[in-house]
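First the structure, in the form of structure tokens, and then the observations on it.
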Amino acid sequence: MRPEPLLHDTGHFLPRDLSDQQVSRQVFGPLQQFPRRVAWRWLFGIAITLLLMYLASATVLLANGVGMWGNNQPVHWGYGILNYIWWLGIGHAGTFISALLLLIERPWRHTLNRLAELMTLMAVICAALYPILHLGRPWLFYWILPYPNEMGLWPQFKSPTAWDMFAILSYLTVSLLFLLVGAIPDFATARDRAQGALRQTLYGLMALGWRGSQQHWALWRSTTRVLAMLAIPLVFAVSSGYSFLLTMGPQSGWHSTLFPPYFVAGAVFSGFALVALLAIGVRWLLHIEALITLRHLDMLGRLLLATGWLTAYGYLMDLFMPFYSGDTHEIEVLLTRLSGPHAWSFWLAIVCNVGVLQALWWRSVRQRPGVLAAVALAVLVGMWAERFMLVIPPQTRDFLVSTWGGYTPTIWDWTLFIGSFGVFLLPYSLFLRYVPMVSAFEVKQALHQERGDD
Amino acid sequence: MTESLGLLAEFDAPQPLVEASLHAWAIGYRRLDAFAPFPLEALQPLLKPKASRVSSMACIGGLLGIGLALLMQIGSVWSYPLNVGGRPLIALPLLMVVTFLFAVVGAAIAAVLTLLVSSRLPRLHHPLFGAEGFERASDDGFFLFIEAGDPLFDAQATRAWLAERAISVREVRP
């Protein structure tokens, strides 16, 4: 059976004869005249509602303390940690798409990197807020930073919690630098195409006075490549870093050398799911189906499938190791995951991340935005269930049977989690209106290179 | 009348700009610069020496980050020795995570600072922005600028040389 012909058989997946002007109109047009205003208002309204819900839940939490959450003996790490891991993992795919695909020179990445980088930034912020709220006294959060104080105390640098704080701060810094440096030339274009004085000034400030000099371009190219090379190991460091939070203790079900790679794979997997979902949303909202083509979606589907299998390998090994070790308590914890009170989370993860995912073997599924979005959504739910399955059940089965217990999230756990989508969506919907969502200059360069006229 | 800063020639495609720039370089112009909405790799050899600074500065930034991280972590146990489970006070394997993260952040900040310092950005204005049509340099315009300070520069001859190749030539004034 011969495969169907590809949509655009070019390295960048775009029509070969797309002109610079057409690219600019597609990317910068929405900044002046947004194509789907009604849909955007709905999005913004939902985002504000969710954000208000988040703020209300955080206020209730601050007023009453962490007792508002379901965490108690013996489950100390409930939604605060599992949602943190889920959000932070999502961020990693953005770095992967922009940095790794930049270094291995895949020109089709240029239409996806900006939306993925913005996703990374917001996902890391959503994640980072969780540990701060979980502290109980968030206004003292600076106590975890090394600063000279009159008690002469310092953070415990040998503890994974200290590593984690530095990991998030480093990741946030490098992602932000990568995003801003990568967007300078696009802000310059936005400045030069802007109509009003206010927009010209604001885009002008973001563009830092960029004028497209080839000497600046040479420096810019080296800088983005250096940042990309730094960002990739950082992905591994950060997601292994938060797996250390679990693995470094003697807790059965957590104490495993499998966790760091397992978490990296799961992180990138869930992130690609959100990238796919956002790409489908952004191309529709901004009416840029010509820039984010079905082949881009097809490629995202393949990446999702590949990283999904890496995660599935993790499940398989996680099932195998307790029996291989022969440790009775490890087996006990595993059986709790499979058939305990929270068994739904394990089976939901398997159904979504291994079962539903297999639909992506078919190109007709990958190239149909609605269906791909449904699979991506299933993966996001599945990955959340996986984080639940990894974090919660082992804590309910401690070494002593007398300390066994249950866990039920409260309504405030749920409102804070659902509200955190507002923390993500509100800035993201503003980015849609005011930030060039596609790296236009890189697309132009790829188009010229493909035609061989640069 | 103010002194002219140089001549700005516009081209309608990247290729003529690259050819003209390389030719201008070959006949001896040195104080020239090309402007385009994206990097033109053919011109990188002319401008490369300055760009390689980024990676060496990133290495220095990374080393500074390592030094700072080790100083911070070792200094903290010196100032407040804390025995946890009988582990050595300076347990290097456990200090590596933060050291690595500091190295990465140090290198990233150094790279970005090098970009900004070497390209003398940010700046609020530049005389070239006053040139007519220059706003297209960030969109679909391709420009070659030859500075008046170039030893070979001659208001008439350079203008004629550029006019042969470009679609338009303009004088840039401060």
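The values are calculated or read from the model by the stated rules, or taken from the named source; none is laboratory data. On a predicted model such as this, the values are computed, not experimentally measured, just so you know. Here the Cβ positions follow ideal geometry from the backbone for every residue, glycine too, while neighbour counts run over all protein chains shown.
Checking the structure you have, find out if any residue of the range A:46-69 is modelled with pLDDT of 90 or more, part of a loop (DSSP other than H, G, I, E, B) and not β-branched (Val, Ile, Thr). Yes - at least one qualifying residue is present in the range A:46-69. Working only within the range A:247-282, note down all residues that are part of a helix (DSSP H, G or I) and modelled with pLDDT under 90. Within the range A:247-282, none qualify.
Of all residues in the range B:31-50, those being without any contact (Cβ under 8 Å) to a residue 40 or more places away in the chain and part of a helix (DSSP H, G or I) number 9. The set of residues in the range A:168-190 being at the interface with another protein chain (Cβ under 9 Å from one of its Cβ atoms) and polar (S, T, N, Q) consists of A:170, A:173, A:189. Count of the range A:353-395 residues, restricted to those that are touching a residue at least 12 places away in the same chain (Cβ under 8 Å), among the charged types (D, E, K, R) and surrounded by fewer than 19 Cβ atoms within 10 Å (Cβ to Cβ), is 1. Scanning the range A:263-308 for residues that are surrounded by 24 or more Cβ atoms within 10 Å (Cβ to Cβ) and hydroxyl-bearing (Ser, Thr, Tyr), which turns out nearest to the chain's Cα centre (by Cα)? Ranking the candidates gives A:270 first. Have a look at B:17, B:7, B:70 and point out the one that is more than 7 Å from chain A (Cβ to nearest Cβ) and at pLDDT 95 or above. Going through B:17, B:7, B:70 in turn, just one is more than 7 Å from chain A (Cβ to nearest Cβ) and at pLDDT 95 or above: B:70. Residue A:277 falls short on exactly one of the conditions (1) within 30 Å of residue B:146 (Cβ to Cβ); (2) away from chain B (no Cβ under 14 Å), and that condition is (1).
Would you confirm whether any residue within the range B:85-94 is touching a residue at least 24 places away in the same chain (Cβ under 8 Å), surrounded by 15 or more Cβ atoms within 10 Å (Cβ to Cβ) and in a helix (DSSP H, G or I)? No, because not a single residue in the range B:85-94 is touching a residue at least 24 places away in the same chain (Cβ under 8 Å), surrounded by 15 or more Cβ atoms within 10 Å (Cβ to Cβ) and in a helix (DSSP H, G or I). Restricted to the range A:355-454, the set of helices (runs of 4 or more DSSP H) holding at least 3 residues that are of a type in the set (A, V, I, L, M), within 14 Å of another protein chain (Cβ to nearest Cβ) and farther than 16 Å from residue A:79 by Cα comprises A:440-451.
Residue-by-condition table, conditions (1) hydroxyl-bearing (Ser, Thr, Tyr); (2) under 30 Å from residue B:160 (Cα atoms):
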position: B:50; (1), (2): no, no
position: B:56; (1), (2): yes, no
position: B:71; (1), (2): no, no
position: B:82; (1), (2): no, no
position: B:99; (1), (2): yes, no
position: B:102; (1), (2): no, no
position: B:122; (1), (2): no, no
position: B:136; (1), (2): no, yes
position: B:142; (1), (2): no, yes
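Determine, yes or no, whether residue A:205 is over 26 Å from residue A:271 (Cβ atoms), free of Cβ contacts under 8 Å to residues at least 12 places away in the same chain and more than 7 Å from chain B (Cβ to nearest Cβ). In short, yes. Only one of the numbered conditions (1) among the acidic types (Asp, Glu); (2) touching a residue at least 12 places away in the same chain (Cβ under 8 Å); (3) not in a helix (DSSP H, G or I) is violated by residue A:289, and that is (2). Among all positions in the range A:149-167, there is no residue which is facing another protein chain (nearest Cβ under 7 Å) and in contact with a strand residue (DSSP E or B) (Cβ under 9 Å, 6 or more places away or on another chain).
Take the range A:396-431 and flag every residue that is over 17 Å from the mean Cα position of the chain (by Cα) and crowded, with 24+ Cβ neighbours inside 10 Å. Within the range A:396-431, just A:416 meets the criteria.
On the stretch given as the range A:379-403, residues that are under 15 Å from residue A:259 (Cα atoms) and of a type outside the set (A, V, I, L, M, F, W, C) total 3. Cβ separations smaller than 7 Å between residues 6+ apart or across chains give the following pairs from the range B:96-118 residues that are on the phi < 0 side of the Ramachandran plot and touching a residue at least 12 places away in the same chain (Cβ under 8 Å) to residues that are of a type in the set (Ser, Thr, Tyr) and surrounded by fewer than 23 Cβ atoms within 10 Å (Cβ to Cβ): B:105/A:173; B:108/A:173. Just one of (1) surrounded by fewer than 19 Cβ atoms within 10 Å (Cβ to Cβ); (2) under 19 Å from residue A:387 (Cα atoms); (3) without any contact (Cβ under 8 Å) to a residue 40 or more places away in the chain fails for residue A:312. It is (3).
Working only within the range B:124-139, note down all residues that are surrounded by fewer than 19 Cβ atoms within 10 Å (Cβ to Cβ) and farther than 24 Å from residue A:442 by Cβ. Across the range B:124-139, the qualifying residues are B:124, B:125, B:127, B:130, B:132.
The residue that is surrounded by the most Cβ atoms within 10 Å (Cβ to Cβ), among those in the range A:217-241 that are among the aliphatic types (A, V, I, L, M) and more than 7 Å from chain B (Cβ to nearest Cβ), is A:238.
Filtering the range B:116-136 to residues that are within 7 Å of another protein chain (Cβ to nearest Cβ) and basic (Lys, Arg) leaves only B:123. In the set B:105, B:97, only one residue is at pLDDT 95 or above, within 9 Å of chain A (Cβ to nearest Cβ), assigned to a helix (DSSP H, G or I) and crowded, with 17+ Cβ neighbours inside 10 Å; that residue is B:105.
All conditions in (1) within 9 Å of chain A (Cβ to nearest Cβ); (2) more than 22 Å from the chain's Cα centre (by Cα); (3) in a helix (DSSP H, G or I) hold for residue B:55, with the sole exception of (2). Going through (1) more than 7 Å from chain A (Cβ to nearest Cβ); (2) closer than 26 Å to residue A:222 by Cβ; (3) not polar (S, T, N, Q) one by one, residue B:139 falls short only on (1).
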